[in-house]
Each structure stands twice: as C-alpha cells, then as structure tokens.
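Enquirer: One structure is given below, represented as structure tokens, and several questions about it will come after.
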Amino acid sequence: MSIRIHEDRCIGCGRCTEACPGNLILLQDGPSGRKAKIREVRDCWGCTACMKECPVSAIGYFLGADLGGSGSTMTIHKEGHYYHWHIRKADQQEVTITIDRENANQY
Amino acid sequence: MKNVKLKRSRLETDVLIIGGGTAGCYAAIKLGAEKELRVLVAEKANIERSGCLAAGVNALNAYISNGHTPADYVEYARKDAEGIIRDDLMMTIAESVNEVTEDLERRGLVILKDESGNYVTRGWRNVKINGENIKPLLAKGVREQNNVTVLNHVNITDLKVTDGTVHGAWGFSVRDLTAYDIEARAVLIATGGAAGLYRPNNPGFSRHKMWYPPFNTGAGYAMGIRAGAEMTTLEHRFIALRCKDTIAPTGTIAQGVGAKQVNARGEIYETKYGLTTPQRIFGTVEENRKGNGPCYLDTRHITAEQQGNLYHAYLNMAPAQTLKWIESGKGPKEQPVEVEGTEPYVVGGHTASGFWVDTKRETTVHGLFAAGDVAGGAPQKYVTGALAEGEIAAEALAGYLVAGRDKEALGDRREDAPAWTDYEAYLSHEPGNLTAEQLEEAMQKVMDEYAGGIHTDYRYNKSRLELADEQIKHLESLLPQLAADGPYELLKIYELRERLTVCRALIAHLLARRETRWHTFGENADYPEQSPEGCCYINSRWENGSFHIYRRPLVKGGHYEHTHP
C-alpha cells in the first residue's frame, strides 16, 4: 500500500509535505513547475494524512499487490464536515463512501 | 572527500520536550499554564500528524465506566501483564483517564453519546469516538499556548548529560543543513516506542504497512540507554493480532460485531486459549502450527448495515482494510477476515517496556522525565493513558523547576564533543557498498531469525539470542561506513543507529528473563513455563560498554522514589 501523487493535479502548495509523519514527501521543481513527490513509495505507512490535507485531491491511495491490491485507487474529496472516499477500480467501476466527521464510529 | 559543515543553531529553554506525539503534545498543552516557563517541542516531522495518531484512532480504550473504579483498571492491566506492572504508575493513569477524555471532547473530539448525554461504551473501559482528527486537535491545543515554541522537522539524537543530570540535547534539521545545540533546564522524552526492529509481515513493497508507526524507531529508549538511564521490562514485547495483510485492528470486529476466532476447520478456538491479548495471538499461532490454519474472525453473521458501519469505522483509522474489502468485491459479510500476529514491537503504552521512572515520571537521569510509550511499568495506557502521563509529567516538571532542583546538580558542565562532528562525518563520507537500508534489512533478518520474530513463531532460546547479539553488535560496527547524501539520509542513518541500540538492549532483557511469562510476547524455548523467580522487574543499565541487569521487586501501590541499584 502506498500513495501516488498525480502531477497534473498537484498545485505544489506543499501541505502534504507537512502532513506526512515520515517526512516522505518533498517539493521538487520540474518542467511543469513545483510538484510534490514521494521519496520512496515503499516507505509509506498508509495513514492518509497527506490526502486529507491536499486541497485538490491529487493524492491517490492504493494497495500494493503484496496486500492483494488489484489496481484500484482511493481518493478523498472534502466537503464541509464530510469526507467522500472515492474508490475507482481498475475496471473503472466507482464506489463512494461518505463519512460525516461529526458522527462517531458505531464500533 | 567532501567537507560538509552544518550551520549551528544554539537554543535555550526551560523545558525541552522531545517528540510531539500524543504524550508530548499534551504535556506542552498542560505546561501552557506555567506562563513563566519557556517550553520547546522538538519534533522530527510536524506535530500536526506525527506519531501514532496520524491516521486517527477508532476508540478510546482506557475510560472507566459502568460502576467500575480506577482500581479495577489496575487489576485488568495486572492480569493482562501477568503481574508485571507498577501499581503506582497504573493507578495515577487510571485516576486521570476520564478527566482527559472529557478534555478531549472539549477540544472538539466527537464522542458517541446516548439520549441522556452519557458516553456510549463498549464494555466498561472503552468509548466510541470519531478519532480521525484527534492529532490535529492536539496540535491546535499546542499552538494556542503562548509560552510553547514548536520546532518541526528537527530530529534529536543525543541527550546532553553531565554527572547524571540532563541539560539539553543535540539534533539536526531533516530539511536543511542545520545542527541544533539545545540547552534546557529539564527534558521530557516522549518519542514513542520502537517499530521496525524485526522483519515485518509484508517485507517487500508494503514493508511499512505495520501496526505501529514505522517512523517510531525507539529514539527515546536509545538516547536514554546511551545516557545511562535505567530501563525496565523491554523483554515484554508487544505483538498485535491484526487483519492479515492490511495489519488493520481486529478489536473493532471481535468486540464491535461479536466475531469469534475460528480456524480453517470452522472450530472456535479462542475459548481454548483465553482472551487476553497475548492469548488471542498465542491461540492463532498454535492453531497455525498444528496445521489448523488459516485463522479467521468469523464475520459472516453480520447484517448489511453492520458491514457498512465497519467500512466507515475502518476509513477513520485504517483505510486499507475498507479498500481491500471493496476492491476484492467481498465484504466481511461474505467472507471471514483472516488474522495474523504482527512482528514484535517495543512499546510502553501496551506493555510495561521503557524508562524506569518514579511515580512522577522522572527517570534515573536527574531532570529527565518520560511519558507515553517510551515510559515503562504501565501497560494498557492507550491514548488516554499517554495523555494522562503527559499531564503527570508536565506537573512534575513544573514542580522540579519551581523548586530549583535543576540547580542542585549544576556544577561545571563538561561539553562532550558536539554531536555535529558525527553528523558532518556522515554527510562528508563518500558512499561505500553499504547503505542504511541494507543494514536495516540485515538487522530485521537477524532479529526475526534469532530473537523470536514471526519466522520462529516468536520463539527464541539462549543460543539464538547470543548469535543475535553478536550479529547486531557487528552491524553497529559498520555504521561508520555509511554516507548521507543530505539531511533526510542522515535521519535514516540515525534511525538505524537507534534501532540497533534498542535491539541490543532488548536481547539483553530477553536473555535475562529465564521463563515464559507471557505467551508469544516472550516465548522462551529454554524455559517454556512461568517461574516464581520471574515475579520481578528485569531492569538494565548500559555501563562501560555492556548491559548490567538488575532484578527489582514488584512495586505494590503507594509512591515510588528512585534508589540506587
């Protein structure tokens, strides 16, 4: 499991570099401007802190094949006190689960 | 050869807090009331999401309700730890967990309540929450304190200690070429426990998909050990029972929807082995050894609504598990959840491992206090217990400074060689064949095979442990060959150095406990039973190049003050 930062969506704001508890994300200048980059995909803990900070949902979360991953991507879209977790499967089927952050877990 | 020179930054403070996680942040918040004290929090990432709570937490596991008392909580912890707890420490935690829970709610944490406004509990010591944003709430509380300064992205490596008294620490920026020399009248260490000592469940691409944060390296233990602090019960390792592959929590399923542990033959096995944490894992290991695996939590009885609630609950703390269910097209209603034990960790919030402290959380190094997972003697702290210890330590630190106890041992401070000479050496080396990553893998392999990792079903014996010690010592001797290309690479070298120190101390402790006190956590093949002589704390101190072991009698209640061993 790890993250993938989509360069076309990244606006280079650097918020993810502050959110990562492992100092794993840095900003790098490239041909299309300043973009966030993960140093080493294998070092990601999978906490999703960076995804919650990203203002443009540029960070996708995926399960490595060693965890049973089959190519799906999960992203977070924030809306007020809601988190919409979108899962897009490799066959393009989509599932969305909405979390109301003002509600507690049932378990 | 390069000749890298770091910019020097010298800072002075009254209290230095090393590590801005759960306990460190809460101590900083509480020290906010001591307006005349300057407080500095040094954190290697950013306190916003650093430490154990980055992803959130599903529940508060230490809250006393339904007619129970703090003494009941102490008894629960004692039973789970087979007697090896510090009554004084456990009681001070148990007396505070409800108050800190209410404070968390005031800070904005969502806690489930019933119609009459009471917390909804799971059993008698657990409240249901939405803990996804618990760390940002704590970070906000820290930023609100005018006397607290936060130094994010600074990694502390060594304590400054003269004649048994701490007076600051050395560190470096993980972002630019700056070395820090911090002078402090007192220090609180709150760096958390140690993950990544053993080869993990998923050693390849998902090597960091582990229970405990892979960024918690045991830095505090390592600094304390090198400074000559007494450590306790490191051999009480923690191994979690987790959902296979994703290493997501199982308590949410076991207690949340009443799933039983079953083997591949469909037999409920949990009743055969018992329901304490180590027994649940021991049962799973034993069933696998007998050829009855894989083992599962049987969730097939749940309703569609319960399944939906599980998806929500896991998104708030371990999103990989929800993704796995959705991606595979089979939720827990259709298939049972396979479970496995993790690699062993050293973590004082779950077991009794860590600094040997007095009731006020002062370590055996004068002026050095410890709280949270780095402090020993008090297992089953969980989040609220770590907060409680942060508060207890903050109060003690303030008392220590107001009484001027830091001045007692002043005298002439010898300045040892500054740590930056080592930092600069690593930054100046030309890279050789060895890398920090290689040595980390080698360390994890040694620990897995010779010090009771997953590979041997957590079993070890004296011969294996002695080999482990020899090989870890050898890996330590290779550290000077490593080269750092920049500050982040320097961080990786120091994290490795910390883990190697913790491994050596852990091996010394495993050798010293000549019994099997806790199944799985300390499965000693030479001594497979409990022994009456094991009813004591195994403590250690690094002196003149080796670990000295002390066996201390159990502390029953009251107030504990340090005595020389």
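Enquirer: Under 6 Å between Cβ atoms, which residue pairs at least 6 apart in sequence (or on different chains) link something in the range B:191-212 that is more than 7 Å from every other protein chain (Cβ to nearest Cβ) and surrounded by fewer than 23 Cβ atoms within 10 Å (Cβ to Cβ) with a partner that is part of a loop (DSSP other than H, G, I, E, B) and at pLDDT below 95?
Expert: From residues that are more than 7 Å from every other protein chain (Cβ to nearest Cβ) and surrounded by fewer than 23 Cβ atoms within 10 Å (Cβ to Cβ), there are no pairs.
Enquirer: Still on this structure, I have one more. Please specify each residue of the range A:74-85 satisfying the condition of being under 14 Å from B:Leu323 (Cβ atoms), more than 8 Å from every other protein chain (Cβ to nearest Cβ) and either among the aliphatic types (A, V, I, L, M) or out of contact with any Gly (no Cβ under 6 Å at 6 or more places or on another chain) (or both).
Expert: Hit for the range A:74-85 is A:Ile76, nothing else.
Enquirer: Restricting the search to the range B:551-563, which residues are modelled with pLDDT of 95 or more and either small (Gly, Ala, Ser) or not in a loop (DSSP other than H, G, I, E, B) (or both)?
Expert: Once the filter is applied, which keeps residues that are modelled with pLDDT of 95 or more and either small (Gly, Ala, Ser) or not in a loop (DSSP other than H, G, I, E, B) (or both), the range B:551-563 yields B:Arg551, B:Arg552, B:Pro553.
Residues checked against (1) without any contact (Cβ under 8 Å) to a residue 60 or more places away in the chain; (2) surrounded by 22 or more Cβ atoms within 10 Å (Cβ to Cβ):
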{"site": "B:Tyr63", "(1), (2)": "no, yes"}
{"site": "B:Ile84", "(1), (2)": "no, yes"}
{"site": "B:Ser96", "(1), (2)": "no, no"}
{"site": "B:Thr101", "(1), (2)": "no, yes"}
{"site": "B:Ile111", "(1), (2)": "yes, no"}
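Enquirer: Same structure again: Enumerate the pairs (first residue in the range B:333-346 and in contact (Cβ under 8 Å) with a residue 12 or more places away in the chain; second residue anywhere and outside any loop (DSSP other than H, G, I, E, B) and of a type in the set (Lys, Arg)) with beta-carbon separation below 6 Å, excluding pairs fewer than 6 apart on the same chain, so at least 6 apart or on different chains.
Expert: B:Thr342/B:Arg242
Enquirer: Is it true that some residue in the range B:196-214 is under 15 Å from B:Ile18 (Cα atoms) and either in a loop (DSSP other than H, G, I, E, B) or of a type in the set (Gly, Ala, Ser) (or both)?
Expert: Taking every residue of the range B:196-214 in turn, none turns out to be under 15 Å from B:Ile18 (Cα atoms) and either in a loop (DSSP other than H, G, I, E, B) or of a type in the set (Gly, Ala, Ser) (or both).
Enquirer: Please find, within the range B:149-186, the residue that is nearest to B:Glu34 (Cα to Cα) out of those that are at pLDDT 95 or above and in a loop (DSSP other than H, G, I, E, B).
Expert: Filtering first and then ranking leaves B:His153.
Enquirer: Counting residues that are under 23 Å from the mean Cα position of the chain (by Cα), which strands (runs of 3 or more DSSP E) fully inside the range B:216-327 reach at least 2?
Expert: On the way: elements: B:241-243, B:260-262, B:296-298.
Per the criteria, B:241-243.
Enquirer: List the pairs whose first member sits in the range B:290-309 and is outside the structural domain of B:Leu323 (by TED's automatic domain parsing), whose second member is modelled with pLDDT of 95 or more and assigned to a strand (DSSP E or B), and whose Cβ atoms are under 7 Å apart, counting only residues at least 6 apart or on separate chains?
Expert: Going by the 7 Å Cβ cut-off, there are no qualifying pairs.
Enquirer: Would you confirm whether or not the range A:27-40 contains a residue that is β-branched (Val, Ile, Thr), more than 7 Å from every other protein chain (Cβ to nearest Cβ) and surrounded by 14 or more Cβ atoms within 10 Å (Cβ to Cβ)?
Expert: Yes: one or more hits.
Enquirer: Here's something else I'd like to know. Among the listed residues B:Glu287, B:Glu327, B:Glu362, which satisfies the condition of being surrounded by 20 or more Cβ atoms within 10 Å (Cβ to Cβ) and within 11 Å of another protein chain (Cβ to nearest Cβ)?
Expert: Of B:Glu287, B:Glu327, B:Glu362, the one residue that is surrounded by 20 or more Cβ atoms within 10 Å (Cβ to Cβ) and within 11 Å of another protein chain (Cβ to nearest Cβ) is B:Glu327.
The rows are residues; the columns are (1) of a type in the set (A, V, I, L, M, F, W, C); (2) more than 23 Å from B:Ala417 (Cβ to Cβ).
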| residue | (1), (2) |
| --- | --- |
| B:Leu112 | yes, yes |
| B:Pro136 | no, yes |
| B:Arg175 | no, yes |
| B:Ile182 | yes, no |
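Enquirer: For the list (1) buried (at least 24 other Cβ atoms within 10 Å of the Cβ); (2) touching a strand residue (DSSP E or B) at 6+ places or on another chain (Cβ under 7 Å), I need the number of the one condition that B:Phe215 fails.
Expert: Of the numbered conditions (1) buried (at least 24 other Cβ atoms within 10 Å of the Cβ); (2) touching a strand residue (DSSP E or B) at 6+ places or on another chain (Cβ under 7 Å), the odd one out for B:Phe215 is (2).
Enquirer: Now for a separate question. When only residues in the range A:1-48 that are polar (S, T, N, Q) and either at pLDDT below 95 or outside any helix (DSSP H, G or I) (or both) count, which is nearest to the chain's Cα centre (by Cα)?
Expert: Only one residue tops the list, namely A:Thr48.
Enquirer: May I pose another question? Could you tell me whether A:Arg88 is under 30 Å from B:Glu340 (Cα atoms), more than 9 Å from chain B (Cβ to nearest Cβ) and in contact with an Asp or Glu (Cβ under 9 Å, 6 or more places away or on another chain)?
Expert: yes
Enquirer: Considering only residues that are of a type in the set (A, V, I, L, M, F, W, C) and in a loop (DSSP other than H, G, I, E, B), look in the range B:16-40 and name the one that is farthest from B:Leu109 (Cα to Cα).
Expert: It comes out as B:Leu37.
Enquirer: Give B:Lys360, B:Lys333 a once-over and let me know the one that is modelled with pLDDT of 95 or more, outside any strand (DSSP E or B) and touching a strand residue (DSSP E or B) at 6+ places or on another chain (Cβ under 8 Å).
Expert: Numbers: B:Lys333 fails: touching a strand residue (DSSP E or B) at 6+ places or on another chain (Cβ under 8 Å).
Matching residue, one of B:Lys360, B:Lys333: B:Lys360.
Enquirer: Sticking with this one: Looking at the range A:49-107 only, could you name the residues that are in a strand (DSSP E or B), hydroxyl-bearing (Ser, Thr, Tyr) and surrounded by 16 or more Cβ atoms within 10 Å (Cβ to Cβ)?
Expert: The answer is A:Tyr61, A:Thr73, A:Thr75, A:Tyr83.
Enquirer: Taking B:Ala396, is it without any contact (Cβ under 8 Å) to a residue 60 or more places away in the chain, closer than 30 Å to B:Thr22 by Cα and not charged (D, E, K, R)?
Expert: Yes, satisfied.
Enquirer: Take the residues in the range B:130-154 that are in contact with a Ser or Thr (Cβ under 8 Å, 6 or more places away or on another chain) and facing chain A (nearest Cβ under 9 Å); name whichever of them is surrounded by the fewest Cβ atoms within 10 Å (Cβ to Cβ).
Expert: Going through the qualifying residues, I end up with B:His153.
Enquirer: May I pose another question? Sort out which residues of the range B:41-90 are assigned to a loop (DSSP other than H, G, I, E, B) and polar (S, T, N, Q), and write them in order of number. Steps first, answer last, please.
Expert: Kept after step one, since they are assigned to a loop (DSSP other than H, G, I, E, B), are these residues of the range B:41-90: B:44-56, B:61-69, B:81-86.
Residues satisfying the conditions are B:Asn46, B:Ser50, B:Asn61, B:Ser65, B:Asn66, B:Thr69.
Enquirer: Search the range A:48-73 for residues that are facing chain B (nearest Cβ under 7 Å) and within 17 Å of B:Gly204 (Cα to Cα) and pair each with any residue that is among the charged types (D, E, K, R) and in a loop (DSSP other than H, G, I, E, B) when their beta-carbon atoms are under 6 Å apart and the residues are at least 6 apart or on different chains.
Expert: Filtered contacts from the range A:48-73: A:Leu67/B:Asp245; A:Gly68/B:Asp245.
Enquirer: Please go through the range B:240-266 and pick out each residue that is more than 10 Å from chain A (Cβ to nearest Cβ), more than 20 Å from B:Thr520 (Cα to Cα) and in contact (Cβ under 8 Å) with a residue 60 or more places away in the chain.
Expert: B:Ala259
Enquirer: Helices (runs of 4 or more DSSP H) wholly in the range B:382-480 with at least 2 residues that are of a type in the set (D, E, K, R), crowded, with 17+ Cβ neighbours inside 10 Å and more than 26 Å from the chain's Cα centre (by Cα) - which ones?
Expert: B:420-428
Conditions tested, residue by residue: (1) over 18 Å from the mean Cα position of the chain (by Cα); (2) of a type in the set (Lys, Arg); (3) within 14 Å of another protein chain (Cβ to nearest Cβ); (4) at positive phi.
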{"site": "B:Leu60", "(1), (2), (3), (4)": "no, no, yes, no"}
{"site": "B:Asn66", "(1), (2), (3), (4)": "yes, no, no, yes"}
{"site": "B:Thr69", "(1), (2), (3), (4)": "yes, no, no, no"}
{"site": "B:Asp72", "(1), (2), (3), (4)": "yes, no, no, no"}
{"site": "B:Glu75", "(1), (2), (3), (4)": "yes, no, no, no"}
{"site": "B:Glu82", "(1), (2), (3), (4)": "yes, no, no, yes"}
{"site": "B:Ala94", "(1), (2), (3), (4)": "yes, no, no, no"}
{"site": "B:Asn98", "(1), (2), (3), (4)": "yes, no, no, no"}
{"site": "B:Glu102", "(1), (2), (3), (4)": "yes, no, no, no"}
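Enquirer: Would you confirm whether or not the range B:331-344 contains a residue that is small (Gly, Ala, Ser), more than 21 Å from A:Asn103 (Cα to Cα) and surrounded by fewer than 22 Cβ atoms within 10 Å (Cβ to Cβ)?
Expert: The answer is yes; a qualifying residue exists.
The values are calculated or read from the model by the stated rules, or taken from the named source; none is laboratory data. Being a predicted model, the structure only gives us computed values, none of them experimental. FYI the Cβ positions are ideal-geometry reconstructions off the backbone, even for glycines, and counts take in every protein chain you see.
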